[in-house]
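Below is one structure, written out as structure tokens, with a few remarks after it.
The values are calculated or read from the model by the stated rules, or taken from the named source; none is laboratory data. Predicted, not measured: the structure shown is a model, and the values here were computed from it. So basically every Cβ, Gly included, is an ideal-geometry build from the backbone, and we count neighbours across all protein chains shown. Heads up: the accessible areas ignore ligands, DNA and RNA and are worked out on the full protein's heavy atoms, side chains in. Shrake-Rupley method; radii C 1.70, N 1.55, O 1.52, S 1.80 Å.
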Amino acid sequence: MARQERAIRTRRTILEAAAAVFDERGYTSATIGEILDRAGVTKGALYFHFGSKEELAVGVFEEQLAITLPPQSTKLQELVDSGLVMARRLRSEPLVRASVGLALDQGAMDLDRTPAFRMWIDQNAQMLGEAKNRGELLQHVDVAETAELLVGSFSGVQLLSQLRCQRQDLERRVVVLFEHFLPSITVPAVLARLDVSADRAERLLSQVRTEEDAAAVPEEATVPSGA
């Protein structure tokens, strides 16, 4: 168990180092040597987890979706939550920021960036499909097209926010996106119950952190009676 935990920590350290180097230098200019220096691990340790620089990039891509949020009464609320939390994490987590940066890095000609968008679109399509099966979407809504439109719209909004103010207003911009987007796909009864507020992401992340901290606390050893 201790060896497995060390391996998980090492993998995370390598990903965080790669994300920082990709974010600072861009994918094409980043080198394995720079990532090794930043991570403080051996070449053998890096190649145990990742076979190439491209595999490192895919690992960084996966981090943008590597969070489990609390379930909600509607799938559309979960869709909103994923977008709001993504916006918050883009501002505060280098791994997520590097993931999106890599996906939009048009200079990375030797990197297949489609997996990043495919994973993101598939996640949204799954939530939208479940929402439609539950009767939360208007009849005319095409799930696949809507998932692609949402991902494309979010990508453009976050890029504009980055260029204008280093994403300082990103949560508010994503709220505006949802306020315009949701009425065109959502049945009125569900739309009226959705919480699309700029501070919702922080509340959700605080709940996630509290649950993770509680799960990490070992159970107290029971003391036999009469001891």
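Below, the figures for the structure above:
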item	result
Any hit, segment 85-102, residues being assigned to a loop (DSSP other than H, G, I, E, B) and within 23 Å of residue 209 (Cβ to Cβ)	yes
Number of the condition not met by residue 190 [criteria: (1) in a helix (DSSP H, G or I); (2) over 15 Å from residue 78 (Cβ atoms)]	(2)
Members of segment 105-143 found to be open to solvent by 20 Å² or more (accessible area, probe 1.4 Å), of a type outside the set (Lys, Arg) and in a loop (DSSP other than H, G, I, E, B), listed by number	105, 106, 107, 109, 110, 112, 135, 138, 139, 140, 142
Any hit, segment 2-11, residues being farther than 30 Å from residue 126 by Cα and among the polar types (S, T, N, Q)	yes
Test for residue 157: is it in contact with a Gly (Cβ under 7 Å, 6 or more places away or on another chain), without any contact (Cβ under 8 Å) to a residue 24 or more places away in the chain and crowded, with 16+ Cβ neighbours inside 10 Å	no
Residue 70, sole failed condition from (1) touching a Leu at 6+ places or on another chain (Cβ under 8 Å); (2) closer than 18 Å to residue 151 by Cα	(2)
Only one of 15, 36 that is over 22 Å from the mean Cα position of the chain (by Cα) and surrounded by 15 or more Cβ atoms within 10 Å (Cβ to Cβ)	36
Segment 176-190, residues that are of a type in the set (Val, Ile, Thr) and open to solvent by 50 Å² or more (accessible area, probe 1.4 Å)	176
Only one of 173, 193 that is modelled with pLDDT of 95 or more, open to solvent by 70 Å² or more (accessible area, probe 1.4 Å) and within 30 Å of residue 139 (Cα to Cα)	193
Segment 50-82, subset open to solvent by 50 Å² or more (accessible area, probe 1.4 Å) and part of a helix (DSSP H, G or I), residue modelled with the lowest pLDDT	62
Candidate set: segment 160-173, residues that are outside any helix (DSSP H, G or I) and touching a residue at least 24 places away in the same chain (Cβ under 8 Å); chosen: the one nearest to residue 98 (Cα to Cα)	167
